[in-house]
Amino acid sequence: MNVQNGGDDGITGTTVNGLALSNMNVSGNGNAVNDRGLDFTGLTGTATIGSSTFTGNAEDDANLVNSSGSLNLTITGSTFSNTSTLVGNDGIHINSNDTAAVTASITGSTFNHNRGDHFQFSTNTAATGTNSVTFSNNTLTGDRGSTHGGTDLGGGVTISTEGSSDTTFTLSGNNVQGAVDSALKVDLGTNSTAGATLVGTISGNTIGTAATADSGSAQTNGISATVQGQGTETVSITNNVIRQYNLNGINIFQRLGAATQNATITGNTVGNPGAFALNGILVNAGASSTGNNGGMDAGTVCAGIGGAGALANSITGAGTNGADPTATDFRVRQRFATTVRLPGYLGLAGDTTAVVTFVKGNNGVTPTGSATAAFPTSGGGFIGGSACPTP
């Protein structure tokens, strides 16, 4: 079936239980914000989309918003491309709000030249549901590092959760080229409660191409995992190849609250940075003296960076190593009232030289490194201990 050139949405649904779309062409629908190819509010039950094309629709190619009930969504072998250069947003956007629970699997599909994110999964601040997101073996292409003309603003994948939601995710085997923002980004937001969790793996992805400038991320990171507020984020970042980023190859950031972050970073190949890149791997705990309900940022980051044999990250040459002394292959920062735990570290809490030596020893060859600590003025500095919790 062809659904083409409508003045508003291509296909609209409200309070629908069950959906199966296959061999669809939904294209050129809408001309303004909130005009979409597929636009459903309250889709529950089992939904499948297969062997279909969504292209050239105004804001989103597909937008799904749930505030209650359960949805089990599977998308395979489909294309989402070319949202409007003026009002366009995402290829696929899923909101699991309030008490909704969503299981979404998007595999073997193609995303090309969407103005916002190719795929975004979000919850609102009132979210209490349990969600599961799989985004695997997809091909994503944006307009940076190419000749598309430079109208994209995102070009990657974003999972951003808030409230008291519990979300698991798998981002694996994807090929991401030409992103503007971070190619793959997970973010537990500032309104997360102490019981909120965001847990998952980012593995086996290819981001950017060494021979193509800005093809990993024209403005920010290859992979970014951020936690804010009061919740817990646990992420395993393994065996990814990351090129041509313009901030950090892998960015681990805990800030604006007293959240807990557990990050295991092993077996990644990070290098050939863009012209404005800083670090191959950045671990940053704390960002504000007032971000934790008026007090300084607190909480703990556990970062397992590399290890023996195949666990080591290949990061030599991943930083710019220019005039900025912090633009090194890796950088670890303990700030304000936070604590950074490095499993196996035996040095003193404020001994940044020992921290650099320790991380170097876990990551092969001769990467350059830098470390800073607020300890003993504030925070727990750098400590050791057992392996970080994993997904």
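Values quoted throughout were computed directly from the atomic coordinates according to the rules given, and no laboratory measurement underlies them. It should be emphasised that the depicted structure is a prediction, and the values quoted were computed from it without experimental measurement. A quick note on method: Cβ atoms are made from the backbone with ideal geometry, for glycine too, and the neighbour counts reach across all protein chains shown.
The table below lists the values:
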item: Estimated [θ] at 222 nm from DSSP helical runs (n ≥ 4, -39500 (n - 2.57)) normalised by residues in the chain, nearest 500; result: -1000 deg cm²/dmol
item: Dipole magnitude of the stretch 116-383 about its Cα centre (Cβ charges: Lys, Arg +1; Asp, Glu -1), debye to nearest 20; result: 460 debye
item: Computed Kirkwood radius, in angstrom, where 1/r is averaged over Cα pairs of the chain; result: 21.1 Å
item: Among beta bridges that DSSP assigns inside the stretch 27-176, antiparallel share in %, nearest 5; result: 0 percent
item: Cα convex hull volume per residue for the stretch 262-391 (Å³); result: 116 Å³
item: Separation of alpha-carbon centers, the stretch 85-126 and the stretch 255-269, rounded to whole Å; result: 23 Å
item: Share, in percent, of DSSP beta bridges within the stretch 116-383 that are antiparallel, nearest 5; result: 0 percent
item: Phi to ³J(HN,Hα) by Karplus 6.51 cos²θ - 1.76 cosθ + 1.60 over the stretch 125-132, Hz, x for Gly, Pro; result: 6, 9, 5, 10, x, 10, 10, 9
item: Compactness relative to 2.2 N^0.38 Å, alpha carbon Rg of the stretch 20-110; result: 1.03
item: The chain - percent relative contact order, Cα under 8 Å, separation 6 or more; result: 8 percent
item: Using alpha-carbon coordinates, inclination of helix 352-361 to the longest axis of the chain, degrees; result: 60 degrees
item: Residue-count net charge about G150 - beta-carbon cut-off 15 Å; Lys, Arg +1, Asp, Glu -1; result: -2
item: Neighbour net charge for T190 - beta-carbon separation under 14 angstrom, K R +1, D E -1; result: -3
item: Shape metrics for the stretch 138-254, restricted to C-alpha atoms - Rg then Dmax, Å; result: 14.2, 45
item: Lys/Arg +1, Asp/Glu -1 at C-beta; the stretch 116-383 dipole; positive extreme among F119, S182, T339; result: T339
item: Positive minus negative residues near Y345 (Lys, Arg vs Asp, Glu; Cβ under 14 Å); result: +1
item: Residues T353, T83, sorted so that the one with the fewest Cβ neighbours within 10 Å comes first; result: T353, T83
item: Cα centroid separation, the stretch 130-194 to the stretch 15-65 (Å); result: 19 Å
item: Residue exposure sequence - I315, I49 - by fewest surrounding Cβ within 10 Å; result: I49, I315
item: Order of K185, K360 - criterion: other Cβ atoms within 10 Å of each residue's Cβ, fewest first; result: K360, K185
